[in-house]
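Everything on this sheet refers to the single structure shown next.
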Amino acid sequence: MSLEIIKESDIPSQCQRGVVATVGTFDGLHRGHQAILTELKRASKKEQMTALAVTFEPHPRTLVTPETPPLLLTVWEEKLKLFKEYMDGKLLVLEFNCELMNMTAEEFIKIYLVERMHLRQLIVGYDHAFGKNRSGTINSLMKLSHQYSFDLEVVNPVIVEGTPISSSRIRHLVFDQKYPQALDMLGHPYPIYGRVIKGIGLGKKLGFPTANLQINPRKLLPPEGVYSCRLDLGDKIYSGMMFIGINHFNPGTDVSVEVNIFDLDEDLYDREVFCYPEVFIRENRIYKEPDKLIRQIIMDKENVIKIINRGESKNVY
């Protein structure tokens, strides 16, 4: 896949010949989103035009409903990494601000897509709605397509167990501790991006040094517990085990994200990494004595190695 990130100031020069475009928040870049990007690629090749995806940062609901903003399946760094895997074309990231929040769907279509991007075809999901008061429904987009002379294509939903996949549905699955089902609907490993920071050093003292991740507070984490995982350092991917939860030996702290990587003897301090929790091993427990925790961690590692050897971690999404 080849993806080019463009700025708003680049629009006139990048889109003179016209575009086949899609617009959305794309939180999670799940299988429904992937179907839209697949259709975007097909249509742009057929029309021999630029494939353009338009997305927003931050998530629109941080301004629209600031009292109840959603936890995110993908923070920006994670979303960008997924776009690079699933899209050919150009990605325009618009800062979601008060001006955009108060722009009607027709204003956005006219000013951004038609006048500036020379829109020739718009591809959206079946339940798409955007603009002030979500005025850009499928019915209104159909009227606007005639008014401004562009084609509109609506992509059918991806159905799982009789219900369309959506970002909100996947969030509920994670909240309800149904992580495997959430992974299935995502269609890809669940990314956790973070910077490695100093911890209390307990893992190293116990013989299992961990990389402690500082993550975006808006990130939705999987249920607390221990997982098999993979760590992406850019040049190489490592297997390991991951702890998500309250560290009971460090009272008063927030939820910790700690990764013990197998076959890696390297200081990762201050590195930016992507970690992927895969198979759930066990829930978070309280161990009052370090010796008991050590015995449990040894068992955890043995279980993770068995999972890796059986290839189960390759079949969790």
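We did not get these values from a lab; they are worked out from the coordinates using the rules stated. Please read all numbers here as calculations on a predicted model, not as lab measurements. Cβ atoms come from the backbone with ideal geometry, glycine included; neighbour counts cover every protein chain shown.
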(message) Run the helix sum for the chain: -39,500 (n - 2.57) per DSSP H stretch of 4+ residues, divided by residue count, reported at 222 nm to the nearest 500 deg cm²/dmol.
(response) -8500 deg cm²/dmol
(request) Any aspartates and glutamates with Cα under 14 Å of the residue 288 Cα? List them, leaving off those in the same chain fewer than 8 positions away. (result) none
(request) Measure up 81/178; 90/178; 79/236; 81/204; 143/219; 81/143 against 26 Å on the Cα-Cα distance and list the ones that go over. (result) 90/178; 81/204; 143/219; 81/143
(request) Let me have the relative contact order for the chain, percent, based on Cα pairs under 8 Å that are six or more residues apart. (result) 17
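Which ordering of 146, 128 is given by a fewest-first count of other beta-carbon atoms within 10 Å? Mind dumping the intermediate values first?
Numbers: 146 9, 128 20.
Listed from fewest to most nearby Cβ atoms, that is 146, 128.
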(message) Only Cα pairs within less than 10 Å get springs; with that Gaussian network setup on the chain, which residue of 88, 254, 270 has the largest fluctuation?
(response) 254
(request) Sorted from largest down, give the three principal axis spans of the alpha carbons of segment 15-164, whole angstrom values. (result) 39, 32, 31
